[in-house]
Amino acid sequence: MTERASDNASLDHAFLARCRDLVGAAHVLTGSDAAPYLTDWRGRFTGRTRAVVSPASSAEVAAVVRLCAQYRVPLVPQGGRTGLVLGSVPDASGDAIVLSLRRLNRVRAIDTFNRTMTVDAGCILHDIQQAAAGQGMLFPLSLAAEGSCTIGGNLATNAGGTGVLRYGNTRELCLGLEVVTAQGEVWDGLRGLRKDNTGYDLRDLYIGAEGTLGVITGAVLKLFPQPKAAITALVALCSPGDALALLKLVEAACGPTLTGYELMSDVSLRLVASHFPDLPRPFPGRYPQYALLELSSHESEQHGVALLENAIERALEAGIAQDAVVATSIAQSRGLWAIREHIPLAQAAAGKNIKHDISVPISRIADFIEATDAQLEAAVPGVQVVCFGHLGDGNLHYNIAPPEGIAHDDFLERQAEINRIVHDSVAAFGGSISAEHGVGALKRDELPRYKSAVELNLMRALKAALDPLGIMNPGKVL
């Protein structure tokens, strides 16, 4: 071993020993014990780490961050590791630690009169939903990974989900934050205020920053009254244009009771039927597109059903809709939503594919789908487009599977070409190449093509000011 390598080994040993002193030896994992924290959710990439360090409080997080600053050790904050853009796994260098927030999992307080809940960042989203429901309240953030994702990760990526149409992204559901800065200081911004005009909005700097500016350790979340009923319907359509026409009609007829509006292509539903044959098949025939709608009524189930059935009847009479099924029980409603939620699982079962989490103005979605489908077909004849997502807020999961007979690994070799077609089309339609998943490492190098130099320089200036040592989730976003 060279003298320099020996010095590095000694420094690493000293650093890890101090980590063990701070959080306990059982909560500093190395070697094979760290392996479960190093691979991304899709299983496409595995990084390396010095150690996985799991503090139990914001004070311990701050102490670990100060130690990292002292030793110039990078850190990668990690929640439930359900992200899709390599934002919460370390790179291949092995220089960074993984800062797991899994032990910060307390619901600190619920204030039903103020309609707020204060939680640790490591709380599982489903547990937060259940804690709110136990008090007769609703925390409306809902997404497929809610059984394992954490609220800290949701905030760090400004997650969306199925309720954005009515309730907004995670940013809109958060009133205050507790953050450990890159210097290891704790900013207590846990204010349950809906109006606070006292300077720069530091909360919004950290939400969506993917852990590159600081570590979110706590949050004050908005709660809402629990609706008396949720009514679900699946509507068969001929085209994305008809889906937009139906959205406009239902919004006009139902107003803010419309809480979810999802688009699913026939390709998506056939994929689910192939891999999950026990799930419902609501229609005897096939249609090119489907819209999944949900209304939340604060009056009664009868009121919500009447609203939705009236709107669908008008859509059928106008030729916008071709057929429709309105759920008449909780089991039927869950069955319809299960179809939507199993699309990503069916894709995973079918093999590797090229995913895109994109947004375009709602009014241009139909034109985007038509134009981009045609460009992809010209480039890769027979390509399969699995298009589904949150049409009500302009967010599509526009995923591309290989033509029949083409090996998945061979198809992935064309990923850069496919990405360029899709992302250039997104830009042409005034959209974003990342709607709710974030940038991470996966899309980092794409940003200079779609963001101006002015915008990127402003982002770099913020990064340099808040993280001058560059130790916070390096290689992500910028």
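Any read-out appearing in this document is the output of simple, stated calculations on the displayed coordinates, not a laboratory observation. Note that this is a predicted model, so its numbers are computed, not measured. Methodologically, a virtual Cβ is constructed for each residue, glycine included, from the backbone with ideal geometry; neighbour enumeration extends over all protein chains shown.
Against the numbered list (1) under 19 Å from Gln332 (Cα atoms); (2) crowded, with 16+ Cβ neighbours inside 10 Å, Glu251 comes up short only at (1). The residues of segment 197-241 that are over 18 Å from the mean Cα position of the chain (by Cα), under 30 Å from Ala371 (Cβ atoms) and among the small types (Gly, Ala, Ser), listed by number, are Ala233, Ala236, Ser239, Gly241.
Could you pull out every one of the helices (runs of 4 or more DSSP H) wholly within segment 402-459 that has 1 or more residues that are small (Gly, Ala, Ser) and within 22 Å of Gln384 (Cα to Cα)? So that I can check it myself, show each step before the final result.
Working: elements: 408-412, 415-428, 447-450.
Result: 415-428.
Under the condition of being closer than 21 Å to Thr82 by Cα and not in a helix (DSSP H, G or I), the residues counted in segment 156-178 number 9. Among the residues of segment 25-78, those that are in a helix (DSSP H, G or I) and touching a helix residue (DSSP H, G or I) at 6+ places or on another chain (Cβ under 7 Å) comprise Glu60, Ala63, Val64, Leu67, Tyr71. Only one entry in Ala407, Ala465, Ala461, Ala453 is without any contact (Cβ under 8 Å) to a residue 12 or more places away in the chain, over 30 Å from Gln183 (Cα atoms), more than 21 Å from the chain's Cα centre (by Cα) and exposed (fewer than 13 other Cβ atoms within 10 Å of the Cβ), namely Ala407.
Taking Gly392, is it in contact (Cβ under 8 Å) with a residue 40 or more places away in the chain, small (Gly, Ala, Ser) and surrounded by 20 or more Cβ atoms within 10 Å (Cβ to Cβ)? Yes.
Listed by position, the strands (runs of 3 or more DSSP E) contained in segment 277-395 that have at least 3 residues being under 21 Å from Val164 (Cα atoms) and among the aliphatic types (A, V, I, L, M) are 289-297. One residue stands out in segment 301-324 among those that are of a type in the set (A, V, I, L, M, F, W, C) and under 17 Å from Ala229 (Cβ atoms): the one that is surrounded by the most Cβ atoms within 10 Å (Cβ to Cβ), namely Leu308. Kindly check whether there is at least one residue in segment 231-245 that is more than 30 Å from Pro402 (Cβ to Cβ) and surrounded by fewer than 16 Cβ atoms within 10 Å (Cβ to Cβ). Looking through segment 231-245, none of the residues is more than 30 Å from Pro402 (Cβ to Cβ) and surrounded by fewer than 16 Cβ atoms within 10 Å (Cβ to Cβ).
Please go through segment 126-167 and pick out each residue that is hydroxyl-bearing (Ser, Thr, Tyr) and without any contact (Cβ under 8 Å) to a residue 60 or more places away in the chain. Even if it seems obvious, please write down each step before you answer.
We begin by selecting, within segment 126-167, every residue hydroxyl-bearing (Ser, Thr, Tyr); these are 142, 148, 150, 157, 162, 167.
Passing the criteria: only Ser142.
From the list Ala159, Ala131, the lone residue that is more than 30 Å from Tyr71 (Cα to Cα) and buried (at least 24 other Cβ atoms within 10 Å of the Cβ) is Ala159.
Being in contact with a helix residue (DSSP H, G or I) (Cβ under 7 Å, 6 or more places away or on another chain) and over 30 Å from Cys68 (Cβ atoms): is that true of Val426 here? Before you say what the answer is, go through the steps one by one.
Numbers: in contact with a helix residue (DSSP H, G or I) (Cβ under 7 Å, 6 or more places away or on another chain): no; over 30 Å from Cys68 (Cβ atoms): yes.
It is false that Val426 is in contact with a helix residue (DSSP H, G or I) (Cβ under 7 Å, 6 or more places away or on another chain) and over 30 Å from Cys68 (Cβ atoms).
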